[in-house]
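As structure tokens, the structure follows; a few thoughts come after it.
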Amino acid sequence: MTPATPAERLQTAFGEELVQIGASADDIPFALVPVSQVTAALRLLRDELGYQRFVDMTAVDYLERDERFELNYLVHSLSANAWFRLKARTSGDASSAVSVFPGINWYEREVYDLFGVVFSDHPNLTRIMLPDDWAGYPLRRDAPIDWEPVEFSQRRQEQYGD
């Protein structure tokens, strides 16, 4: 008997390794897998379940957790007109999923640049938004909010004549 939902199919494939299944606040079903299983889970979603369209990937920083970063991958099945979200938690390292969805390259670089999550086996893990000499990761919850000087002060007007 074939499982009825992608989450159930992932549960069959990963068994006890699967951490959680459910639905997000936006009613998109999700599965939380160990970070070491992300590439395999995305491949299963693409090859066996028809989720051929990679839509988005991002991270959320939960500072109070040991595995503080939650990676979120959103995929879509055109044939079933269905969405699915894959989640994984990490303390800062993950495997690249570029081999499954080549377009994820830019999203992983963005998460690296802004959160500091390092994706092993990534073909070009370099900063994509911030200068190469930028220190730190601005979207981490513990990042200082006063990194750059404010440019609209009275002193600027006097100095530059703006």
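Only the coordinates and a few stated rules stand behind these numbers; no lab work does. On a predicted model such as this, the values are computed, not experimentally measured, just so you know. Cβ atoms come from the backbone with ideal geometry, glycine included; neighbour counts cover every protein chain shown.
For the pair GLU8 and LEU63, a Förster radius of 25 Å applied to the C-beta separation gives a FRET efficiency near 0.15, rounded to the nearest 0.05.
Where does the longest stretch of the chain lie that holds no GluC sites (Glu not before Pro) found in a DSSP loop with 16 or fewer other Cβ atoms within 10 Å? Result, exposed sites excluded: 68-150.
Each DSSP beta bridge with both residues in the stretch 27-144 is either parallel or antiparallel, and the antiparallel ones are about 70%.
A simple packing score, the average count of other Cβ atoms within 10 Å per residue, orders the peptides 30-36, 119-125 as 30-36, 119-125, with the highest score first. Would you please state the base-10 log of I(q)/I(0) at q = 0.15, 0.16, 0.17 1/Å for the chain, with intensities from the Debye formula using one equal scatterer on every alpha carbon? With one equal scatterer per Cα and no solvent, log10 I(q)/I(0) is -0.82, -0.91, -1.00.
Helix 38-47: angle to the longest alpha-carbon principal axis of the chain, degrees 0 to 90, nearest 10? Rounded to the nearest ten degrees, it is 60.
Of ALA25, ALA59, ALA82, the residue with the greatest mean-square motion in the GNM of the chain, using alpha carbon springs below 10 Å, is ALA25. For TYR137, no residue whose modelled amide H falls within less than 5 Å of its own remains once neighbours fewer than 5 places apart on the same chain are excluded. Working from label points 7 Å from Cα in the Cα-to-Cβ sense, the ILE28 to ARG43 distance is 2.4 nm.
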